Amino acid sequence: MIEMHIGFDDTDSPKGGCTTYIAALLVEKLDSMGASFVDYPNLVRLNPNVPWKTRGNGALCLRIRCPNNLVEKIIETTIEVIEENAELSCEETNPGIIFFFNKVPQEIRDFAKRTVQGVVEMEEALRLVKTFGAEAVSMKKGRGIIGGLAAIGENLNADYTYEVIAYRTPENRGTTRRIRALSVKEMDEKTFPLTFNNIDPGTSRILITPRGPDPILYGIRGENPEVVKQAHEMVLQEESVERWVIFRTNHGTDAHLRKITSISEIQPYTPVVVRGIVAKEPKVIQGGHVILSIKDKTATVDCAAYEPTGILCETSKNLIVGDFVEAHGGVRPASTRHSITINLEKMRILELARKITLLNPICSDCGKRMKSMGKTKGFRCEKCGFRASQLKKTAVETNRKLKRRLYITSPRSQRHLTKPLCRYGREKSNAPKRTIKGWHFP
Ligand SMILES: [Zn+2]
């Protein structure tokens, strides 16, 4: 028997296809050939901020054990299935497949971490493939080699979640997805917070169904395989499900965010967590987005809270100069129109500055707040007519609407990797020992 890891990526295009669907096809095929799965298929989301990602930037790894004499047949079948199902006609689709045998070395684990948190080069992937005797198959430009190798190296041992994905039959793809909305609501009520991001609380929009032409009917995310399977059984479908699979993933784990200690360390395309003091009044720009500037001893950086981030946008608007915050998000490089910017996914308010407002004095006769008669001309009470030329404005401390806590973008605008609030305290630290019975169909 031999242990085999099959990693692949970059098979889909904005017009269709889906790397997870190819994984689902392979699960059925390899299972029937006699391979045994040592883990759920791993769905590894890579750095969402790289400029050349396809759609969700998700790579796949299948981990199996099989008799040595089956290896050649498995390699052949995998290549065949990927060739048949990848969106090869799309210019931006450049699949890559890696076959790796036995224990995955630390160097490939490190490479995986950098692929999730930063930017890596093709040459490095190819060098690792060569050094460790992996087999690589590239189609067209083979950019998927990077993701395929990263999916093999990411063992999801730190924190992870599950997602059950149900797929549509070919004749329904591209049409409106038909599932009973009420059943999703009931499923959410019964299984939250062990499942998460089923429904957007602000808009009541169902989030489990994607919108594109891909073959996914829906995906339900959760903390364990039992609960996502149970949730899947609660959803009433009004179209047939061709197949479904439970994946183990880094969804909802913040795996992409890297803590850095100073603003000057910020690099384009590299998601960060960094602290700073609000340096300027936040600015609301066209579209309702908010631009915030934070600084520390080393540098200043802009942060953007986009309108769809909901609570995050509202929160940013109410920050004032002197507030101490921790910004979490992807980094957009500078352009002619803006400087290097952190696109906020989360923000933790660490300290709130005191907000002092200058108000007109109170009338000593009737207690109403007086009106200013112009600079240096003093104040007049509109109610009783009392005038005072010597009085000055008084400083009043106003209550801050904000709290010292973590604010997270609304579920509808969360990235695959963003850890939602309900997952804090549920982080895992060990991979599962075995899979549950019946984690895929057929
Ligand atoms: Zn008065």
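Over the chain, what is the relative contact order in whole percent, taking alpha-carbon pairs under 8 Å and six or more residues apart?
Values: 1031 pairs, mean separation 69.3, N = 442.
Rounded, it is 16 percent for the chain.
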* Structure fact -> If one compares the long axis through the Cα atoms of helix 106-117 with the longest principal axis of the Cα atoms of the chain, the angle in degrees, nearest 10, works out at 40 degrees
* Structure fact -> Mean projected area, convex hull of alpha-carbon positions in the range 276-341, reported to one decimal in nm², is 4.5 nm²
* For the range 138-202 and the range 269-336, what is the separation of their Cα centres, given in Å? -> 30 Å
* Roughly how tilted is helix 19-33, in degrees to the nearest 10 and between 0 and 90, from the longest Cα axis of the chain? -> 30 degrees
* Asked: Going by how many other Cβ atoms sit within 10 Å of their own, how do LEU43, LEU25 line up, fewest first?
  -> LEU25, LEU43
* For the range 161-254, convex hull volume per residue from C-alpha positions, Å³ -> 98 Å³
* To do: For the range 102-190, calculate the relative contact order in percent as a whole number, restricting contacts to Cα pairs under 8 Å that are 6 or more residues apart.
  => 35 percent
* For LYS190, list the aspartates and glutamates whose Cα falls under 20 Å from its own Cα; do not include residues on the same chain fewer than 8 positions away. => GLU163, ASP200, GLU223, GLU226, GLU233
* Asked: Hey, which lysines would be in cross-link range of LYS140, C-alpha to C-alpha under 20 Å, not counting anything within fewer than 8 residues on its own chain?
  -> LYS15, LYS53, LYS130
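Remind me, relative contact order of the range 161-254 in percent, using alpha carbon pairs under 8 angstrom and six or more residues apart? Please report the intermediate quantities before stating the final value.
On the way: 171 pairs, mean separation 47.5, N = 94.
Over the range 161-254, the number comes to 51 percent.
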* Loop only per DSSP, at most 16 neighbouring Cβ atoms within 10 Å: give me the trypsin sites (Lys or Arg not before Pro) in the range 253-286, ordered by residue number. => LYS280
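What is the antiparallel percent of DSSP beta bridges lying wholly in the chain, to the nearest 5?
Values: 82 of 89 bridges.
Roughly 90 percent of the DSSP beta bridges within the chain come out antiparallel.
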* Asked: Quick one: helix 144-153 against the long Cα principal axis of the chain, what's the angle to the nearest 10°, folded into 0 to 90?
  -> 90 degrees
* Computed P(r) (all Cα pairs; the range 183-223; 10 Å bins; percent) -> 29, 55, 16
* Asked: Among VAL235, VAL325, VAL273, which comes first, then next, by fewest other beta-carbon atoms within 10 Å?
  -> VAL273, VAL235, VAL325
* To do: Enumerate the amide H contacts of LEU217 below 5 Å, restricted to partners 5 or more residues apart or on another chain; note that Pro and chain-start residues carry no placed amide H.
  => ALA166, TYR167, ARG168
* Is any residue of the range 276-297 close enough, with backbone N under 18 Å, to a label point placed 7 angstrom from the Cα of HIS338 along the Cα-Cβ axis, and if so, which? -> 278-295
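Sorted from largest to smallest, which semi-axis lengths in Å does the alpha carbon gyration tensor of the range 2-155 give for its equivalent ellipsoid, taking the root of 5 times each eigenvalue?
For the range 2-155, the ellipsoid semi-axes come out as 22, 18, 13 Å.
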* Sort the following peptides by mean Cβ neighbour count (other Cβ atoms within 10 Å, averaged over residues), highest first: 27-36, 10-19, 337-346, 396-405. => 10-19, 337-346, 27-36, 396-405
* What is the spread of the Cα atoms of the range 43-102 along each of their three principal axes, largest first, in whole Å? -> 41, 25, 12
* Residue-wise, which Karplus ³J(HN,Hα) couplings in Hz belong to the range 95-102, taking 6.51 cos²θ - 1.76 cosθ + 1.60, θ = phi - 60°, and x for glycine or proline? -> x, x, 10, 10, 10, 10, 10, 6
* Structure fact -> Those GluC sites (Glu not before Pro) from the range 118-205 that are DSSP loop and have at most 14 other Cβ neighbours within 10 Å turn out to be GLU121
* Asked: Given 4 °C and 1.567 mPa s, how large is the Stokes-Einstein diffusion coefficient of the range 355-398 in µm²/s, with Rh as the Kirkwood radius over Cα pairs?
  -> 122 µm²/s
* For the range 1-70, what's the radius of gyration and Dmax over Cα atoms, in angstrom? -> 13.6, 41
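Can you compute the helix-only [θ] at 222 nm over the chain? Use -39500 (n - 2.57) per DSSP H run of at least 4 residues, normalise by all residues, nearest 500 deg cm²/dmol. Could you put the intermediate results ahead of the total?
Numbers: 8 runs with 90 residues, N = 442.
Value at 222 nm, helices only: -6000 deg cm²/dmol.
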* Ascending count of other beta-carbon atoms within 10 Å, so fewest first, for LEU292, LEU126, LEU149 -> LEU126, LEU292, LEU149
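Could you rank the peptides 362-368, 308-314 by their average count of other C-beta atoms within 10 Å per residue, with the highest value first? Walk me through the numbers before you get to the answer.
On the way: 362-368: 13.7, 308-314: 20.1.
Order by mean packing, descending: 308-314, 362-368.
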* Structure fact -> Listed by chain and number, the lysines with an alpha carbon less than 22 angstrom from that of LYS401, same-chain partners under 8 positions apart left out, are LYS280, LYS283, LYS317, LYS346, LYS355
* Asked: Based on the Kirkwood radius over alpha-carbon pairs, what value in µm²/s does the Stokes-Einstein equation return for the translational diffusion coefficient of the chain at 4 °C and 1.567 mPa s?
  -> 53 µm²/s
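Readers should treat all values here as calculations from the given coordinates under stated rules, not as data from a laboratory. Since this is a predicted model, take the numbers as computed values, not measurements. Cβ sites come from the backbone with ideal geometry, for glycine too, and all protein chains shown count toward neighbours.
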